[in-house]
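Structure record follows, encoded as structure tokens.
Nothing in this text is a laboratory measurement; each read-out follows from the coordinates by a stated rule. Given the structure is predicted, the values throughout are model-derived calculations rather than measurements. Note: ideal-geometry Cβ built from the backbone for every residue, glycine included; neighbour counts use all protein chains shown.
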Protein chains: 2
Amino acid sequence: MTETAPRPTLEAVAARAGVSRATVSRVVNGGQGVREPLVERVRRAVEELGYVPNQAARSLVTKRHDAVAVVIAEPETRVFADPFFALQLRGISKELTAHDSQLVLLLTGGRADHARVGRYLAGGHVDGALVFSLHFDDPLPELAQRAGVPTVFGGRPGWGEGTRSAVYVDSDNRGGARDAVRHLVGLGRGRVAHITGALGQTSAVDRLDGFRDVMVDVDPRLIVEGDFTPAGGERAMRLLLERCPDLDAVFAANDLTASGALRVLRAQGRRVPEDVAVVGFDDMLPVAEQTDPPLTTIRQDIEEMGRLMASLLFRALERRGGGSYRDAGSGVGGGPSSVVLPTTLVRRASA
Amino acid sequence: MTETAPRPTLEAVAARAGVSRATVSRVVNGGQGVREPLVERVRRAVEELGYVPNQAARSLVTKRHDAVAVVIAEPETRVFADPFFALQLRGISKELTAHDSQLVLLLTGGRADHARVGRYLAGGHVDGALVFSLHFDDPLPELAQRAGVPTVFGGRPGWGEGTRSAVYVDSDNRGGARDAVRHLVGLGRGRVAHITGALGQTSAVDRLDGFRDVMVDVDPRLIVEGDFTPAGGERAMRLLLERCPDLDAVFAANDLTASGALRVLRAQGRRVPEDVAVVGFDDMLPVAEQTDPPLTTIRQDIEEMGRLMASLLFRALERRGGGSYRDAGSGVGGGPSSVVLPTTLVRRASA
DNA sequence: CCATGCGCTGGAAGCGCTCTCAGTGCCGTG
DNA sequence: CACGGCACTGAGAGCGCTTCCAGCGCATGG
């Protein structure tokens, strides 16, 4: 029925209310400068006819779309194995709703998709974009910049061109990692190992840096690369136990990794936290609370990150002013600047 | 820059190629009925100018939007605690991309949001909708039907009005549950318990029905209501062990529930599967493979469900024919019918 | 060689909306 | 009592695109 009974137009409402299209338009858009009795009449006509403005027609003239693209690169299935994006999406969604904007989700698979995304962004279908750029070699940041669409990144983007000035929202990965390791050291542990995340992602690198900040002259064998997955955690943990049987603590790059490590530790008869203390990162509840023992970890407010991203984007959009896009700079220009959210240590049983 | 250098219009391309707007339009839309040399010239002009059609203008006349709404009700945080939706989204996204359609994500929180969603759907912003209707009392199905937007549901919707004729994609929950329980029985277990899902959702009810199909005269104390979460699984398992210490098998409504149950069993010194065999549902990899012991479970192809939903929707859209929406029926009308996907038993160590 | 018809191209209308600008009625003021 | 000014309303011009329709040129048949 989408068009069976052609949806009423401004014209129809105007006729019914006995006013002009212009007046109806004014009422629909806030009713500024229209006398009360008329407003009332128009409102009633709108109601009776079930009038809903045609967004396409509106966009055509206003050049606004009340829509924001959310671009998520998911080269690996992994992306979906944890609730990370889901939570960010929720935060984003809330903020967008508050601004009466729609969320257009762009999931990109392989390289081929990038062209599609680029075209879409450049096509001016959306007012702005929120891009999750996870990898150093990710072309997305550059793409977004070139498309000239105001953009906010989720997580510090890599070293792509034009990335330097990018606005992003991130957790304090480095600081959080420091807290985690300090906690371990404070527990009297001297042989602290680190299972990194996938080092192609800034978050993994930042956490590693944080680890090194505290463990200045660490035995390099105590650092093993993981990939943010439980399986990677298992693999790394096995390797660690083999190379350094005397380790007494592990800082895992995220909770999933920690859960894998925990399993190996248990299988090899190491008691946690007595023999080996373990700290994770994320405080992903379904994971962190369900491990055995429950995981001491670094919490980051993921939903808030999403909300904040959207919020920054809107701020940038406002700066540009609806329609009078003077700013020739890339993306957000001199608008809002990046935000790094603090993390907190959550103590449970594992350390 | 969104408009800094105003994006080239058809007009501009036409001028550059030395043809009329009409011809450019034809070329851009497939080039039917335009002579080759002209096509070439126009293509080049498009290329040089970096022309991208203005979707708003196009929609205005074609009444197509090349966009599909995905509506997800998430009354509880729970929804995001498992990768279920993420996987479906991926399947949906793939299919939409193949059809050059965009994915507009509508996350609805409370009741208040429903009005918003209804307005959006009725507003004719999208060509169709994919709705995840999880609860019996969910107003979403009715809402979608009333909006007159072709709709496909994810999971069998509840008993809402107009729901009877709804097109949906679901797993064979009942059949899968039967398989699970039969497997347990085949293992020689006689005291098989069931921890249900949240019974406000059709999937939970269907699985319970499947359980009952096999365990015809089951001791009612062997059935305890859960809520699809690990915590719920723990709670239910404790209750079960208390009421029926002699149980020798558990069929959990999903893997998350099973993981909780497993924890309790271990804590209470029951060996799995020796003392108590456990079967889950979903085959959610990060969960099912990581439990101790790894979970025997019923696999459903979640991504495929998503893909299929989108596919059915497009079929319905085609039936309507672009623009000549004659069908006055609700939703998809006499088009494609619902699909129930088969499930398979995946044997691991827990049963 | 001319009539007929087909295939291609361009002109122009209009999708539903916003917004400028001119016009209307009314008030206050001189 | 007449006039300037103000507040509000309406007419109309597009936004960029698709599509109907008329018109043109060409190949073919008579």
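Results, tabulated for the structure shown:
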| read-out | value |
| --- | --- |
| In nm, spacing of pseudo-spin labels at A:GLU289 and B:ASP275 (7 Å Cα→C-beta vector) | 2.6 |
| Percent breakdown of C-alpha pair distances by 10 Å bin, ordered from the shortest bin, for chain B | 5, 22, 24, 19, 14, 8, 5, 2, 0 |
| Equivalent-ellipsoid semi-axes of region B:10-53, from the Cα gyration tensor, Å, largest first | 14, 10, 10 |
| DSSP-defined beta bridges in chain A - what % are antiparallel, rounded to 5 | 10 |
| Dmax and Rg, reported as Rg then Dmax, of the protein assembly as shown (C-alpha, Å) | 27.8, 86 |
| For region A:173-300, convex hull of alpha carbons as volume per residue, Å³ | 85 |
| Teacher prompt: A:GLY18 distances to equivalent labels in other copies, 7 Å Cα→Cβ, nm | 6.0 |
| Copies compared at B:LEU341 - label distances in nm, ascending, label defined 7 Å from Cα in the Cβ direction | 3.1 |
| Degrees separating the helix B:173-186 axis from the principal Cα axis of chain B, which is the longest one | 30 |
| In region B:123-207, trypsin sites (Lys or Arg not before Pro) in a DSSP loop with at most 13 other beta-carbon atoms within 10 Å | B:ARG164 |
| Other copies of A:ARG44: label-to-label distances in nm, shortest first, labels 7 Å along the beta-carbon direction | 6.4 |
| Per-pair calculated FRET efficiency, R0 = 56 Å: A:VAL185 and B:LEU199 via Cβ, rounded to 0.05 | 0.70 |
| Average beta carbon contacts from partner chains per residue of B:148-156, 10 Å cutoff | 1 |
| Degrees, to the nearest 10: A:255-267 long Cα axis against longest axis of chain A | 30 |
| Separation of the A:ASP137 and B:ARG266 label points, Cα + 7 Å toward Cβ, nm | 3.8 |
| At R0 = 51 Å, FRET efficiency that the Cβ-Cβ distance of B:THR344 and A:ARG347 yields, to 0.05 | 0.75 |
| Selection from A:SER203, A:GLY226, A:GLY186 lying farthest towards where the dipole of region A:141-229 points positive, charges on Cβ | A:GLY186 |
| Distance histogram for region A:182-241 (every C-alpha pair counted, 10 angstrom bins, percent rounded to whole numbers) | 23, 53, 24, 0 |
| P(r) of region A:119-247 over all Cα-Cα pairs, binned every 10 Å from zero, in whole percent | 12, 34, 27, 17, 8, 2 |
| Cut-off under 5 Å, modelled amide H: who pairs with A:SER133 long-range | A:GLY154 |
